[in-house]
Every structure is written in C-alpha cells, then in structure tokens.
Amino acid sequence: MDMKKYAAEAIGTFWLTFAGCGSAVIAAGFPQVGIGLAGVSLAFGLSVVTMAYAIGHISGCHLNPAVTVGLAAGGRFPTGQILPYVIAQVCGAIVAAELLYVIASGAPGFDVTKGFASNGYDMHSPGQYSMVVCFVTEVVMTMMFLFIIMGSTHGRAPVGFAPLAIGLALVMIHLVSIPVTNTSVNPARSTGPALFVGGWALSQLWLFWIAPLIGGALGGVIYRWLSEEPAGVVAGVKTA
C-alpha cells in the first residue's frame with residue numbers, strides 16, 4: 001500500500017514539474033501567442049488541482065517536500081513517511097525535467113543554459129533580486145501555501161473544495177514571485193531543472209531547499225496553533 005502512495009507522489013510531482021516548467025520553457029514566450037507570466041502561473045495551479053482530485057485519496061497529493069515537512073510539523077502527517085515521500089517527489093521531478101529537455105531540445109536554437117525554468121537569485125533572478133530578498137520571498141510564500149493547505153484540508157473546511165483552494169493559492173504565489181525567484185516553493189520542482197542546467201543553478205539550489213522547508217514548517221506550526229482540532233492525516237488511504 002505504501003508503495004502505491006510513493007508511486008502516486010512520483011507521478012503527481014512529475015505532472016506538476018512537467019506541466020508547470022513546460023509551460024514556462026515551451027509556451028510562455030512563443031511568438032505572438034505566448035501564455036506569459038499569467039499562463040505559467042495558471043499552469044502550475046492547474047497541475048495541482050488536477051492531481052489533487054486524481055491522487056489525493058491515494059497519497060494526500062503533497063507533490064512537494066516542503067508540503068510533506070509542513071504537514072508533519074503541523075501534526076497532520078507521520079514523520080516516518082517524510083523521507084520516502086521526498087524521494088518519490090524528487091524522482092518524479094527529475095523524470096519530468098528529463099522529458100521536458102528531450103521535447104524542448106527539439107526546437108532550433110534551444111539553449112538549456114538560458115534557464116530551463118530554473119530558480120535563482122542575484123543575476124539569475126528574473127528581476128535580479130538579491131539573495132536575501134529571494135530567501136525571504138520563498139519562506140513567506142511557502143509558509144502561506146502550507147497555511148492554506150492546512151486550512152482547506154481541515155475537518156471543518158467545506159468538503160471537496162481543498163484542491164481548488166490549494167491550486168488557486170499556487171497561482172497567486174506564482175503571480176507574485178515569478179519575477180523574484182522564478183517561483184520555487186517546492187524543492188523537488190527546483191531540483192529537476194537545475195540538474196540539467198548545472199553550474200549556477202546547482203550552486204544556488206540550496207536556497208530553494210532550505211527556504212521552502214523553513215516556510216513549510218512555519219506554516220504548519222502556525223496553523224496547528226491557530227486551529228488544532230479537528231485534524232486529519234493528509235496521507236490518502238490508510239498506510240499498511
């Protein structure tokens with residue numbers, strides 16, 4: 001049963017990374033009809049909505065190490081399941097980045113060093129924001145993301161609407177922070193593209209692990225303090 005959870009997390013994170021980063025790499029700047037920043041933001045949000053309905057009942061649909069850690073910090077996920085969930089998520093993101101690379105490299109003039117939807121700070125930030133600003137942005141955005149996840153999956157929240165609230169929150173996060181960091185709030189999503197870009201993307205990857213994990217833990221703890229009961233484990237079907 002647990003292997004099915006991990007497989008679901010890998011598939012879901014694959015979809016989030018491929019659809020979200022793919023929209024940025026392939027469709028955002030397409031001449032005259034590109035989807036732009038708003039379209040990329042919507043793609044990330046829709047990837048979460050669709051997978052939440054598809055696999056939420058199987059694994060809880062975390063798709064993100066920061067979400068897994070945040071839910072555990074908030075008392076809504078067993079700590080013993082953190083590592084296998086994170087491994088599954090990272091594997092899914094890497095496979096997605098590999099497929100995206102295969103597709104994107106089929107276009108004339110493709111250059112992976114131009115970014116490949118990687119996250120960065122200083123000169124590699126879309127708006128050239130400083131490392132400190134990027135760190136703060138990622139912490140705050142991930143904290144609020146977890147706060148919304150904790151609230152929308154709460155026992156007293158409207159039933160069946162959590163995927164919409166979570167997906168729309170991710171859209172809003174991207175609308176604000178793409179110019180700052182290219183938006184991570186998800187270490188797995190950041191790792192996949194960074195492995196193909198190499199160089200600066202790998203050297204700056206640390207920020208897009210540490211900041212989201214801190215933010216996720218803060219969001220989980222704050223919501224747990226605000227409204228502890230009733231709670232429910234966000235892990236899909238019962239573990240074996």
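The values are calculated or read from the model by the stated rules, or taken from the named source; none is laboratory data. All of these numbers come straight from a predicted model, not from anything done at the bench. As a convention, Cβ positions derive from the backbone with ideal geometry for all residues, glycine included, and neighbour counts pool all protein chains shown. For accessibility, only protein heavy atoms count, side chains too; no ligands or nucleic acids. Shrake-Rupley method; radii C 1.70, N 1.55, O 1.52, S 1.80 Å.
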> Which residue, of F161, F145, F116, is closer than 20 Å to S47 by Cα, surrounded by 18 or more Cβ atoms within 10 Å (Cβ to Cβ), out of contact with any Phe, Trp or Tyr (no Cβ under 8 Å at 6 or more places or on another chain) and hydrophobic (A, V, I, L, M, F, W, C)?
Replying inline: F145
>> Looking only at residues that are more than 13 Å from the chain's Cα centre (by Cα) and open to solvent by 30 Å² or more (accessible area, probe 1.4 Å) in region 45-72, which one is nearest to M141 (Cα to Cα)?
In response: T50
>> Are there helices (runs of 4 or more DSSP H) fully within region 133-209 with at least 2 residues that are within 11 Å of the chain's Cα centre (by Cα)? List them.
In response: 162-181, 187-197
>> Given the condition out of contact with any helix residue (DSSP H, G or I) (no Cβ under 6 Å at 6 or more places or on another chain) and at positive phi, answer yes or no: does some residue in region 26-34 qualify?
In response: yes
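Being acidic (D, E) and at pLDDT below 95 is the requirement here; does D111 meet it? Give the steps one after another, and end with the answer.
On the way: acidic (D, E): yes; at pLDDT below 95: yes.
Here the answer is yes, as D111 does meet what is asked.
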> Only one residue in G45, G20 is of a type in the set (G, A, S) and in contact with a Phe, Trp or Tyr (Cβ under 6 Å, 6 or more places away or on another chain), so which one is that?
Replying inline: G20
> Before we move on, is Y129 modelled with pLDDT of 95 or more, in a helix (DSSP H, G or I) and out of contact with any Gly (no Cβ under 6 Å at 6 or more places or on another chain)?
Replying inline: no
>> If H57 meets every condition in (1) more than 18 Å from A194 (Cβ to Cβ); (2) free of Cβ contacts under 8 Å to residues at least 40 places away in the same chain apart from one, which number is that one?
In response: (2)
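Among the candidates V40, V69, V33, which residue alone is among the β-branched types (V, I, T) and modelled with pLDDT under 95?
Within the list V40, V69, V33, the selection yields V33.
Report whether or not Y101 is surrounded by 18 or more Cβ atoms within 10 Å (Cβ to Cβ) and not in a helix (DSSP H, G or I). Write out each step before concluding.
Details: surrounded by 18 or more Cβ atoms within 10 Å (Cβ to Cβ): yes; not in a helix (DSSP H, G or I): no.
No.
Can you tell me which of I35, I87, I82 is in contact (Cβ under 8 Å) with a residue 40 or more places away in the chain and surrounded by fewer than 24 Cβ atoms within 10 Å (Cβ to Cβ)? It would help to see each step written out before you state the result.
Details: I35 fails: in contact (Cβ under 8 Å) with a residue 40 or more places away in the chain; I82 fails: in contact (Cβ under 8 Å) with a residue 40 or more places away in the chain.
Sole residue among the options that is in contact (Cβ under 8 Å) with a residue 40 or more places away in the chain and surrounded by fewer than 24 Cβ atoms within 10 Å (Cβ to Cβ): I87.
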> Just checking, which of F110, F135 is under 28 Å from V221 (Cα atoms) and open to solvent by 50 Å² or more (accessible area, probe 1.4 Å)?
Replying inline: F135
